[in-house]
Every structure is written in C-alpha cells, then in structure tokens.
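Chemist: Shown below is the structure under consideration.
The values are calculated or read from the model by the stated rules, or taken from the named source; none is laboratory data. It should be emphasised that the depicted structure is a prediction, and the values quoted were computed from it without experimental measurement. When we count neighbours, we look across all protein chains shown, and the Cβ atoms used for this are built from the backbone with ideal geometry, even at glycine. Only protein heavy atoms, including side chains, enter the accessible area calculation; ligands, DNA and RNA are left aside. Shrake-Rupley method; radii C 1.70, N 1.55, O 1.52, S 1.80 Å.
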Amino acid sequence: GEAPPPELKVATNVIGGMRNEMELLLTGLDIEAKAALVKAQVTAALADDPPSEVVWTMSTTTFEDPQTQEQATTRLRCTVKDPDPKKVGRPFTSALVETALASYPGFTMSSPPGPATPYGVYHPAYMPASAVDHTVVLPDGTRQVIAPPTATRPLEPAATPLPPAPLAPGPATTRPLGEVVRARSGDKGGDANIGVWVTTDEAYRWLVHLLTPDAVRVLLPEAADLPVEVHALPNLRALNIVVTGLLGEGVSSGTRIDPQGKGLGEWLRARHVAIPDHVLADPAALVPRPTRSHA
C-alpha cells in the first residue's frame with residue numbers, strides 16, 4: 001500500500017568485448033603437473049600480444065582407480081577476453097592446438113577451435129520515473145500514455161528484524177546442510193542471490209544464527225574475499241544471501257561453470273555442518289529425499 005519510489009530500476013546492457021574458450025581434457029595421473037605444463041606453454045605462446053583477460057578453470061575428478069575413462073578425466077577450460085577480436089580468435093586457438101604434440105601425455109580437446117564471439121555486460125541502474133514513457137496499448141490499437149505518479153516515497157533501508165533466541169547448546173551431528181534446508185539461487189548481473197528456508201521454528205532458530213556472512217564465506221570458499229549480505233525473513237523461516245561480484249560482470253561475460261548461479265544453492269546444501277540432533281530427529285524438519293526403486 002505504500003506509494004511507489006520516484007525512480008525506476010532499469011537494466012543497461014552493453015557489448016563488453018570479444019571472447020573465446022577452449023576446453024582441454026586431462027586424463028589419469030599427475031593432473032596438476034599436466035595442467036601446469038599446458039598453462040605455461042599457452043602463456044608463452046601468447047606472450048607477445050596477450051589478450052586482456054585469460055582465465056583458467058579446472059573441474060577435477062576425485063575417482064581412485066577409475067573404472068571408466070570419463071571418471072579418469074579432468075576438464076581444464078581456458079577463457080580469453082579482449083576488445084580486439086583478432087587477439088581471441090585464431091592466435092588464441094592456434095596457441096593451444098599447436099602445443100598438442102609437445103604438451104602433456106594424452107592431450108586432447110572436447111571440441112574443435114571456434115571463432116571469437118561478442119559478450120555483453122549487464123549493469124543495474126536507476127532513473128527518474130518521469131523519464132520513462134508508461135504506455136498502454138488498448139484492444140483497438142490506440143495507445144495511451146500514463147503519467148508518472150505524483151505521490152512517491154523514496155526508498156529507505158528496511159529495518160533488520162531481531163533474530164529469535166538461539167537454541168541451547170546440545171548434541172549435534174555433522175551432516176549435509178540440505179538434510180534440513182531447502183534452497184534456490186540465481187543471478188542479478190554479477191551478483192548471486194541464494195534463498196534458503198526451513199520448515200520448523202526450531203530449525204529456523206538454528207539456521208538464522210548459523211548462516212552469518214562469515215559462515216557463508218567459509219561454506220562457499222569462492223566467496224571468501226567478496227561482500228556477503230544475509231537478510232532474514234522470519235515470517236518465511238528464510239534467509240536471502242547476496243554475494244556481490246561472484247558472477248563477474250554477468251552471464252554473457254561469465255567464466256564460471258555456472259554463470260547464472262543456478263547451482264549455488266545446491267552447492268551450499270551439500271556442505272557439511274553440525275546440525276542439532278533434535279532438529280534431525282524431527283520428521284517435519286527434514287527435507288524428503290528421493291528413494292531408489294529396485295523393481
């Protein structure tokens with residue numbers, strides 16, 4: 001029922017430059033040494049005129065005595081960006097391809113070389129509501145411009161609700177957070193949002209004191225050096241976690257395996273924490289798990 005703010009939230013999207021990417025497959029033993037070798041070779045090959053940004057990411061397998069080649073394979077991805085498409089086109093892909101026969105044993109790629117492609121950068125912004133035409137198109141095709149509201153209320157920081165009293169100390173068992181916590185996550189430009197919630201008051205009393213900004217940085221080490229905000233929503237038994245800058249400049253420019261942050265909530269749920277035993281013993285607090293059928 002409050003009056004709307006005098007400004008509207010808008011999105012600006014601009015071309016950030018050109019990018020390219022190649023993924024190498026490292027198999028078997030000595031994965032770290034193989035990765036170090038090819039990184040050094042590619043860096044040397046690009047040294048005369050390097051792209052403005054070079055990002056290496058590696059998805060390492062942890063299978064001992066792998067039973068399939070897939071289990072024995074680690075993916076090493078190299079992403080490059082630059083305003084000049086020539087720097088991230090053939091010179092980049094050739095640097096990788098031409099090292100093949102003189103690089104690590106088993107050198108191979110997951111796809112053939114490709115051309116550079118443009119990427120966008122997203123920025124949120126505000127502008128006066130009077131600067132935006134609010135137009136309604138009626139069924140007969142006529143258009144009617146709606147004047148901006150004259151009664152407005154500037155945005156103000158919301159009051160932080162007082163948390164409930166913490167649970168009394170007691171026995172706890174280290175289990176995945178997701179045994180009692182549900183989550184959903186996503187992106188707003190370069191920032192990640194993670195919503196987490198529980199289904200009982202006791203579980204919320206535990207959760208709201210557990211997931212502080214510092215605890216989030218420990219549970220999600222990739223956020224260790226980033227600003228983290230945790231907003232409590234007690235009526236929903238929920239928390240909203242905002243990690244500023246985790247996703248870089250947004251989806252199109254992202255170099256993470258999950259540039260939209262859709263899996264962040266599930267990663268957080270997979271982390272192990274000490275959960276009070278009486279919360280674990282309450283069926284109403286537990287998240288149902290799928291069961292396998294052997295029929």
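Residue-by-condition table, conditions (1) assigned to a loop (DSSP other than H, G, I, E, B); (2) in contact (Cβ under 8 Å) with a residue 12 or more places away in the chain:
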{"residue": "Glu156", "(1), (2)": "yes, no"}
{"residue": "Pro163", "(1), (2)": "yes, yes"}
{"residue": "Ala168", "(1), (2)": "yes, no"}
{"residue": "Gly186", "(1), (2)": "no, yes"}
{"residue": "Ala192", "(1), (2)": "no, yes"}
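Chemist: Out of the residues in the stretch 244-295 meeting the condition of being under 21 Å from the mean Cα position of the chain (by Cα) and charged (D, E, K, R), tell me which one is most open to solvent (accessible area, probe 1.4 Å).
Modeler: Restricting to residues being under 21 Å from the mean Cα position of the chain (by Cα) and charged (D, E, K, R), the top hit is Lys262.
Chemist: Could you check the stretch 136-169 and list, in sequence order, the residues that are open to solvent by less than 80 Å² (accessible area, probe 1.4 Å), polar (S, T, N, Q) and farther than 23 Å from Gly1 by Cβ?
Modeler: Thr142
Chemist: Taking Arg256 and the conditions (1) more than 29 Å from Asn13 (Cβ to Cβ); (2) basic (Lys, Arg); (3) in contact (Cβ under 8 Å) with a residue 40 or more places away in the chain, which numbered condition does it fall short on, given that it satisfies the others?
Modeler: If we test Arg256 against (1) more than 29 Å from Asn13 (Cβ to Cβ); (2) basic (Lys, Arg); (3) in contact (Cβ under 8 Å) with a residue 40 or more places away in the chain, just (1) comes out false.
Chemist: Additional query: Can you work out which of the residues in the stretch 86-109 that are part of a loop (DSSP other than H, G, I, E, B) and not charged (D, E, K, R) is modelled with the lowest pLDDT?
Modeler: Thr99
Chemist: When the stretch 41-85 is examined, which residues are found to be open to solvent by less than 20 Å² (accessible area, probe 1.4 Å) and either hydrophobic (A, V, I, L, M, F, W, C) or not in a loop (DSSP other than H, G, I, E, B) (or both)? Give the steps one after another, and end with the answer.
Modeler: Kept after step one, since they are open to solvent by less than 20 Å² (accessible area, probe 1.4 Å), are these residues of the stretch 41-85: 42, 46, 51, 72, 74, 76, 78-82.
Across the stretch 41-85, the qualifying residues are Val42, Leu46, Ala72, Thr74, Leu76, Cys78, Thr79, Val80, Lys81, Asp82.
Chemist: Specify the residue that is most open to solvent (accessible area, probe 1.4 Å); the eligible residues are those in the stretch 4-40 that are closer than 17 Å to Thr93 by Cβ and part of a helix (DSSP H, G or I).
Modeler: Lys39
Chemist: Would you check if there is a residue in the stretch 49-59 being on the phi < 0 side of the Ramachandran plot, of a type in the set (A, V, I, L, M), in contact (Cβ under 8 Å) with a residue 60 or more places away in the chain and touching a Pro at 6+ places or on another chain (Cβ under 7 Å)?
Modeler: No, that holds for no residue.
Chemist: Taking interchain pairs and intrachain pairs at least six residues apart, which have beta carbon atoms under 8 angstrom, with the first residue in the stretch 128-145 and in contact (Cβ under 8 Å) with a residue 12 or more places away in the chain and of a type in the set (Ser, Thr, Tyr) and the second assigned to a loop (DSSP other than H, G, I, E, B) and open to solvent by less than 100 Å² (accessible area, probe 1.4 Å)?
Modeler: Ser130/Pro148
Chemist: If you don't mind, there's one more thing I want to ask. Looking at (1) aliphatic (A, V, I, L, M); (2) within 21 Å of Ala285 (Cα to Cα); (3) touching a Lys or Arg at 6+ places or on another chain (Cβ under 8 Å); (4) not in a helix (DSSP H, G or I), which is the one condition that is false for Ala203?
Modeler: Of the numbered conditions (1) aliphatic (A, V, I, L, M); (2) within 21 Å of Ala285 (Cα to Cα); (3) touching a Lys or Arg at 6+ places or on another chain (Cβ under 8 Å); (4) not in a helix (DSSP H, G or I), the odd one out for Ala203 is (4).
Chemist: Next question, about the same structure. Given the conditions (1) of a type in the set (A, V, I, L, M, F, W, C); (2) loosely packed, with under 15 Cβ neighbours inside 10 Å; (3) outside any helix (DSSP H, G or I), and given that Val218 satisfies all but one, which numbered condition is not satisfied?
Modeler: Here Val218 meets the rest and fails (3).
Chemist: On to the next question. For Ile241, state whether it is closer than 30 Å to Glu53 by Cβ and assigned to a strand (DSSP E or B).
Modeler: Yes; evaluated as a whole, the condition is true for this residue.
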